[in-house]
């Protein structure tokens, strides 16, 4: 068995709440809550979590909260357009501002493409596909972020790779009952292994949704 002293990674979630997600009812928040509950069981009292939802606006649900203290998310209402780029940019920017910028598990859940991002005022972060892709790829390469892209109604592998996520961290989910719950259970299993802090366990170097 391989010994490890890795600290449990922080978790950042970005969840689509645009109008097209309405057909899924309460499954999106349920899937996220289940994922958080699973990750709380992994351990690592120093881990933090941040969570954002977005339609044409981005809502900060919680940011830089101790993972063990995260409460159930309930206020999910799906309507409006899709400011995906704005949401990603804000989530990354806020995470970097905490100083906790290494080994972050960064989860994007959406069923559509961006159609409503306005763009920020500062020059470091630009809300375009190219800038988002550059930013996430940089976080993957330099800070060992695990960027996960879960999507419906699109080719998650092609689109997610275009946003900077590696192919093995992209997956499609069905919008039928249980589709997202199943995808999040798969993510939770591999994320739990990645975030493990026990000293006598086999710890994967990356999250891999293909295994």
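The values are calculated or read from the model by the stated rules, or taken from the named source; none is laboratory data. Only a predicted model underlies this, so the values are computations on that prediction, with no experimental measurement involved. Backbone-built Cβ (ideal geometry, glycine too); neighbour counts: all protein chains shown.
Which condition from (1) part of a helix (DSSP H, G or I); (2) over 25 Å from residue 129 (Cα atoms); (3) more than 14 Å from the chain's Cα centre (by Cα) is the one that residue 39 breaks?
For residue 39, the failing item is (3).
Hey, residue 178 hits all of (1) closer than 23 Å to residue 82 by Cβ; (2) in contact (Cβ under 8 Å) with a residue 24 or more places away in the chain but one; which does it fall short on?
(1)
Every residue in region 46-74 that is outside any strand (DSSP E or B) and in contact (Cβ under 8 Å) with a residue 24 or more places away in the chain, please.
The answer is 46, 47, 55, 56, 57, 67, 68, 70, 72, 73, 74.
Inspect all residues belonging to region 117-137 and state whether any of them is modelled with pLDDT of 90 or more, in contact with a helix residue (DSSP H, G or I) (Cβ under 9 Å, 6 or more places away or on another chain) and under 22 Å from residue 24 (Cβ atoms).
Among the residues of region 117-137, not one is modelled with pLDDT of 90 or more, in contact with a helix residue (DSSP H, G or I) (Cβ under 9 Å, 6 or more places away or on another chain) and under 22 Å from residue 24 (Cβ atoms), which makes the answer no.
Would you point out the residue of region 9-34, among those that are buried (at least 22 other Cβ atoms within 10 Å of the Cβ) and assigned to a helix (DSSP H, G or I), that is nearest to the chain's Cα centre (by Cα)?
32
I'd like to know if region 163-176 contains one or more residues that are within 26 Å of residue 46 (Cα to Cα), surrounded by fewer than 16 Cβ atoms within 10 Å (Cβ to Cβ), out of contact with any strand residue (DSSP E or B) (no Cβ under 6 Å at 6 or more places or on another chain) and at pLDDT 85 or above.
no
Look through 59, 53 and report the one residue that is over 19 Å from residue 191 (Cα atoms) and either buried (at least 16 other Cβ atoms within 10 Å of the Cβ) or under 14 Å from the mean Cα position of the chain (by Cα) (or both).
53
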